[in-house]
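Chemist: Let me give you the structure first, and then I'll get to my questions.
The values are calculated or read from the model by the stated rules, or taken from the named source; none is laboratory data. Bear in mind the structure is a predicted one, so any value in this text is a computation, not a measurement. FYI the Cβ positions are ideal-geometry reconstructions off the backbone, even for glycines, and counts take in every protein chain you see. Calculation scope for accessible area: heavy atoms of the full protein, side chains included, ligands and nucleic acids excluded. Shrake-Rupley method; radii C 1.70, N 1.55, O 1.52, S 1.80 Å.
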Amino acid sequence: MKILCISGSPRGENSDTFRLAKETVAGITTAEPGVSVEYIHLGRLRIEFCTGCSACHRKLLFCPLKDDIAPVLRSMREAEAIIFASPVYINHVTAQLKALLDRSSPFIHCQMLTGKYGAALAASGGGPHAMVLDYLKEYLVSCGVQYVGGVSGPMSRFNAMKEEAKTLGVDLAKAVKENIAYPNQLSTIEKQREFFKGVISSRKEEWKDEYEYWKEKGWI
């Protein structure tokens, strides 16, 4: 079992949100000893902002920007489960995490993470936080991922959140091991696939690699 934990905090290992992520991983390893876990701290990487050039749609996942994005996207494709952890910055994920997600749009166009499972964590100083989990869930499902759950809250609840995060890890490990299905999410994934089928078909001459990916999957 390969688990990928992506932290969007600029504080790296000193982040309280990353501490929650480690509790989630502890839950996973308790349920499934010997799992492979990779941690990525986006604050340590150079990830440029998407310029909207569409190069990654024409040539799948190719980007003319020379930065650290490619290994992160590769790790996302190789993992069986993805955990996103982000502090709440003005009612949203951090700029570091948003930059990564913006650079991964082929994952959505082609549902390239289909078959994987996901979870999310968010901690706020005391303000709103649930919208961050909603956003990350929507992103993951749009990529074909089944979302197991999330934990969010203000730092005043941190000790309780740690226990919730550990339980989430147990649930995530179980979902991967038992290949648990979430029918409502699978229905949403299918509806989005039908929508993008029309989009990809209409742009097949321009987005050749994405169109070929769809053909290989048997979706067109």
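Chemist: Which of the peptides 27-35, 138-146 is most tightly packed, and how do the rest follow, going by the mean number of other Cβ atoms within 10 Å of each residue?
Modeler: 138-146, 27-35
Chemist: For A70 paired with V199, estimate the spin-label separation in nm (one decimal), with each label point 7 Å from Cα along the Cα-to-Cβ line.
Modeler: Between A70 and V199, the simple spin-label model gives 2.6 nm.
Chemist: With all protein chains present, how much of the accessible area of the stretch 1-55 (probe radius 1.4 Å) comes from carbon and sulfur, to the nearest whole percent?
Modeler: Answer for the stretch 1-55 is 45 percent, counting heavy atoms of protein chains only.
Chemist: Roughly how many Å is it from the Cα centre of the stretch 1-32 to that of the stretch 78-131, as a whole number?
Modeler: Distance between centres, Cα-based: 13 Å.
Chemist: Got the relative contact order for the chain handy, in percent, Cα pairs under 8 Å and 6 or more residues apart?
Modeler: About 25 percent, as a whole number.
Chemist: Keeping the other protein chains in place, figure out the carbon and sulfur percent of the accessible area of the stretch 89-156, with a 1.4 Å probe.
Modeler: 56 percent
Chemist: Using only alpha carbon pairs under 8 Å that are at least six residues apart, calculate the relative contact order of the stretch 25-108 and give it in whole percent.
Modeler: 34 percent
Chemist: Calculate, for the chain, the solvent-accessible area per residue in square angstrom, rolling a 1.4 angstrom probe over the heavy atoms of the protein chains.
Modeler: Heavy-atom SASA per residue in the chain reads 47 Å².
Chemist: In whole Hz and in residue order, list the ³J(HN,Hα) couplings for the stretch 26-41 that follow from phi through the Karplus curve 6.51 cos²θ - 1.76 cosθ + 1.60, θ = phi - 60°; x for Gly and Pro.
Modeler: Per-residue couplings from phi come out as 4, x, 5, 5, 5, 6, 9, x, x, 5, 8, 10, 10, 9, 10, 9 Hz.
Chemist: Let me ask you something else. Apply the Debye scattering formula to the chain, with a single equal point scatterer on each alpha-carbon and no solvent, then give log10 I(q)/I(0) at q = 0.10, 0.11, 0.16 Å⁻¹.
Modeler: Log-scaled intensity ratios, in q order: -0.43, -0.53, -1.09.
Chemist: Could you work out the local net charge near H129, counting Lys and Arg as +1, Asp and Glu as -1, over the other residues with Cβ closer than 14 Å to its Cβ?
Modeler: Here the count lands on -1.
Chemist: Please work out how much accessible surface T167 shows to a 1.4 Å probe, ignoring ligands, DNA and RNA, in Å² rounded to 10.
Modeler: The value for T167 is about 80 Å².
Chemist: Calculate, for R58 and S187, the FRET efficiency according to 1/(1 + (r/R0)^6) with r their C-beta to C-beta distance and R0 25 Å; round to the nearest 0.05.
Modeler: 0.20
Chemist: Give the relative contact order (percent, whole number) for the stretch 98-220; include only Cα pairs under 8 Å separated by 6+ residues.
Modeler: Across the stretch 98-220, relative contact order equals 25 percent.
Chemist: Taking θ = phi - 60°, what integer Hz values does the Karplus form 6.51 cos²θ - 1.76 cosθ + 1.60 yield along the stretch 202-215, in sequence order, with x for Gly and Pro?
Modeler: Residue by residue, the stretch 202-215 yields 6, 10, 4, 6, 8, 9, 4, 5, 5, 5, 5, 4, 4, 5 Hz.
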